[in-house]
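The values are calculated or read from the model by the stated rules, or taken from the named source; none is laboratory data. Small disclaimer: the values here were computed from a predicted structure and weren't measured. Virtual Cβ from ideal backbone geometry, glycine too; neighbours counted across all protein chains shown. Side chains included, ligands, DNA and RNA excluded: accessible areas come from the protein's heavy atoms. Shrake-Rupley method; radii C 1.70, N 1.55, O 1.52, S 1.80 Å.
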Amino acid sequence: MERFESLHSIFPWDPGQHVAIVGDTGTGKTTVARRILDWRQYVVAMRSKMDKEEWPGYAKVKRNARGAMESLRYKHILVAPERQAKLQEFGSVLEKVYAQENWTIFVDDLTTMQRLGPPIHAHPASHKKSLIDELLTDGRSKGITVVTAQQLPVDTTKYAIAESYITISFMLNEKYAKVVAEKTNALMGEIITQ
């Protein structure tokens with residue numbers, strides 16, 4: 001825990017600056033996200049996969065997360081809907097974050113979330129932005145911060161890494177490290193592929 005606090009003191013992270021966390025299953029993406037999310041006042045965490053991960057201090061909401069967000073009674077909300085309600089509940093939360101502004105939203109696991117389809121993720125041929133893409137590209141000006149966790153950088157929206165201020169990468173093989181490098185910048189590319 002001290003490592004995360006000292007990191008925050010030397011590397012400030014302002015509202016509207018997105019974070020992409022990329023790594024294989026079990027590398028600690030969610031653990032790192034939980035630690036850095038503690039630095040934010042208003043957080044909504046959307047969990048597309050249900051595991052035994054503990055979220056102390058978060059109000060767990062299975063439905064009507066919008067209501068919990070509107071009340072502002074809860075500052076940290078874990079949205080964990082039943083399988084059949086995921087598309088509707090997550091879509092509703094993304095729309096609310098965009099309308100209400102100044103939230104930090106955690107999307108775990110981005111790949112799984114996008115598989116739910118429109119409006120969360122638009123088909124590339126449609127040339128429309130999905131709700132996640134809108135938050136990543138337009139949310140910055142509204143004080144919205146998006147934190148994404150993803151296993152493979154090839155299966156997710158190009159904006160998840162390209163629009164991120166901070167990219168955290170865990171144990172990627174050379175092929176996927178190159179993808180992350182291509183989606184960031186030349187300096188990051190040199191660091192990742194070394």
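Structure above, values below:
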quantity: Packing rank of 49-55, 23-29, where each peptide gets the mean count of other beta carbons within 10 Å, highest leading; calculated: 23-29, 49-55
quantity: Amide H partners (placed H, <5 Å) of Tyr165, local residues excluded; calculated: His18, Val19
quantity: Share of carbon and sulfur in the accessible heavy-atom surface of the stretch 57-159 [1.4 Å probe, %]; calculated: 48
quantity: Residues with amide H under 5 Å from that of Leu78, placed H, sequence gap 5 or more; calculated: Ala45, Ala59, Lys60, Val61
quantity: Largest to smallest accessible area among Glu163, Glu89 [probe 1.4 Å]; calculated: Glu163, Glu89
